[in-house]
1. Evaluate the stretch 89-96: report whether one residue or more is of a type in the set (A, V, I, L, M, F, W, C) and over 19 Å from residue 121 (Cα atoms).
2. So if I check each of 159, 199, 166, which one is part of a loop (DSSP other than H, G, I, E, B) and either in contact with a helix residue (DSSP H, G or I) (Cβ under 8 Å, 6 or more places away or on another chain) or open to solvent by 60 Å² or more (accessible area, probe 1.4 Å) (or both)?
3. I'm told residue 294 meets every condition in (1) more than 18 Å from residue 175 (Cβ to Cβ); (2) in contact (Cβ under 8 Å) with a residue 40 or more places away in the chain; (3) open to solvent by 30 Å² or more (accessible area, probe 1.4 Å) except one. Can you identify the failing condition by its number?
4. What number of residues within the stretch 243-289 are assigned to a strand (DSSP E or B), touching a Ser or Thr at 6+ places or on another chain (Cβ under 7 Å) and open to solvent by 30 Å² or more (accessible area, probe 1.4 Å)?
5. Just to be sure before I move on: is residue 319 at pLDDT 95 or above, touching a Ser or Thr at 6+ places or on another chain (Cβ under 6 Å) and buried (at least 17 other Cβ atoms within 10 Å of the Cβ) in the structure I sent?
6. Any residue in the stretch 360-371 that's open to solvent by 70 Å² or more (accessible area, probe 1.4 Å): show its pairings with residues that are part of a helix (DSSP H, G or I) and among the small types (Gly, Ala, Ser) at Cβ separation under 9 Å, as long as the two are six or more apart or on different chains.
7. Let me confirm something: among 346, 357, 339, which residue is farther than 30 Å from residue 272 by Cα, surrounded by 15 or more Cβ atoms within 10 Å (Cβ to Cβ) and more than 23 Å from the chain's Cα centre (by Cα)?
Amino acid sequence: MDQRNVQLAKNLIHHSVKLQKGEKVQITSNGFDAVELVNALVREAYAVGAIPFVRIGNPATTRELMLGMTEEIINLRTEIDFHQANAMDAFISISASSNTAEMSDVPIEILRMNGMIYGKKIGQEIVLTRKWVGLNYPTPNLAQAANKSHDAFKDFYYKVCTLDYKKMDKAMDAMKELMERTDKVRITGVDTDLTFSIKGLKAVKCAGEYNIPDGEIFTSPIKDSVNGYITYNTPSNYQGFTYENVRFEFENGKIVKATANNTEKINKVLDADEGARYIGEFALGVNPYIETPMNDTLFDEKIKGSFHFTPGMSYPGDGCNGNVSAVHWDLVFIQTKEFGGGEIYFDDVLVRKDGRFVLPELDSLNPENLV
């Protein structure tokens, strides 16, 4: 066994979900490449006296199942899976797909219905209310997306995933405090000028507890406060299709105009339900090792010098603006000089310029201080 998987499993069990004796944990992988990590997680769960449950799927088989889905089948599947999920204390979800486009020819109506029924009942009502962490596995597919050899990508992956997240967590304190006393936010960049309020909402530090790799601080905008426009400069795979040049225009919180490389398709996503055209999350990415996009959300949303502005569901608990939706789509805008730059202002004070924090109390979040 690759000893890096042993170390990663220890981090996930002890730091991310803090698994305790007697607790039940569901370990899920959507591909067979991650079996070694799954096995390491099972061993570590047993070592702390916990009880692991394992599900390993095949994306091609999942596609076949989805192609024949009806509302009746989705409701039945949801009812059956709900009972097991509801018995769990923690969830570890591994994405190990060999083809990120596997669902690209599944009708969007089926994907939307599955998200609104199964995703809401299992994901939002159970998983997000328990201890959970999600991560990707360094598959050849992921290496190709990063334009790296498989060996080089694995070296990068384990370096990113076993970062000193305790150090990062401490470095985030000053930003959390600043965000929680901020009212007005303004963001500028190439074909982008947004204003919104985060007044009275909590900021949440993400340093290895919910996502691996990690490195973001998030909150939500006041739901009806968003005005202006944004043109995301990072491609994003959603439900098997890669969207590019996504541009939103907002009026009083709502996306009133959306265009992309497939404008019809993106508007179908945003028409999934009433909440899909409102923003559920605003987050700053600070991972020092992730510098360029690879069309994988778990990596791209943590890019240093980036932020993501997420249409759809707001996570429950701290930082929540109450927006409800089956959609939660972390679209990323990178503000480093290499990607055109940009500024973030909190209450008319410049906080970050061209991807670097400019206030002395936030310097610990600049890349060289997190490695």
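1. Scanning the stretch 89-96, I find at least one residue that is of a type in the set (A, V, I, L, M, F, W, C) and over 19 Å from residue 121 (Cα atoms), so the answer is yes.
2. Every option except 199 fails the conditions.
3. (3) is the only condition that residue 294 fails.
4. Qualifying residue count for the region: 1.
5. Answer is no for this residue.
6. The qualifying pairs are 361/174.
7. After ruling out the rest, the residue left standing is 346.
Okay, residues lined up against (1) crowded, with 17+ Cβ neighbours inside 10 Å; (2) modelled with pLDDT of 90 or more:
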| position | (1), (2) |
| --- | --- |
| 100 | yes, no |
| 111 | yes, yes |
| 122 | yes, yes |
| 126 | yes, yes |
| 137 | yes, yes |
| 140 | no, yes |
| 145 | yes, no |
| 151 | no, yes |
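The values are calculated or read from the model by the stated rules, or taken from the named source; none is laboratory data. The structure displayed is predicted, hence computed values, not measured ones. Reconstructed Cβ throughout: ideal geometry from the backbone, glycine too, with neighbour counts over all protein chains shown. The accessibility values were calculated without ligands, DNA or RNA, using every heavy atom of the protein model including side chains. Shrake-Rupley method; radii C 1.70, N 1.55, O 1.52, S 1.80 Å.
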